[in-house]
Amino acid sequence: MLPREPDRGPVRRDTLLDDVCFTRPDAERVLFEEFKLPCYDCEVRFHESVEQACSYYGIDPDLMVRRLNELPLGPEPTPEEA
């Protein structure tokens, strides 16, 4: 089975945290510094959505979605990196 491509579209409530962290280089820093989420050190991010994390930590998901969508996308991975 081939690994799935990360979602590089706009962040939504159902976007996986791992996709956010993979496609937006500043996401881990923002999640930790602004929302107190230790996503860089958590394996749950691979299958947890933005909305699920917000529910667990008591964060407004719309606020987080807005903030994450302000972050620039990183470069497209090369075929060797994909």
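The values are calculated or read from the model by the stated rules, or taken from the named source; none is laboratory data. A quick note: this is a predicted structure, and the numbers were derived from the prediction, not measured. Glycine also receives a Cβ, built like all others from the backbone with ideal geometry; neighbour counts cover every protein chain displayed.
Please determine, by comparing only the residues of the range 1-53 that are touching a residue at least 12 places away in the same chain (Cβ under 8 Å) and of a type in the set (Gly, Ala, Ser), which one is farthest from residue 74 (Cα to Cα).
53
Restricting attention to the range 10-46, and to residues there that are in a loop (DSSP other than H, G, I, E, B) and at pLDDT below 90, which single residue is nearest to residue 68 (Cα to Cα)? Working first, answer last.
The initial filter retains those residues of the range 10-46 that are in a loop (DSSP other than H, G, I, E, B), namely 10-15, 24-26, 36-38, 42.
The next check asks that each one be at pLDDT below 90; those that pass are 38, 42.
Working: 38: 15, 42: 18 Å.
By that ranking, first place goes to 38.
Does residue 71 fit the bill of being at pLDDT 95 or above and under 12 Å from the mean Cα position of the chain (by Cα)?
Working: at pLDDT 95 or above: yes; under 12 Å from the mean Cα position of the chain (by Cα): yes.
Yes; evaluated as a whole, the condition is true for this residue.
For the range 61-82, give me each residue that is touching a helix residue (DSSP H, G or I) at 6+ places or on another chain (Cβ under 7 Å) and farther than 17 Å from residue 8 by Cβ. Walk me through how you get there before you give the answer.
Kept after step one, since they are touching a helix residue (DSSP H, G or I) at 6+ places or on another chain (Cβ under 7 Å), are these residues of the range 61-82: 61, 64-65, 67-68, 71, 73-74.
Correct list: 61, 64, 67.
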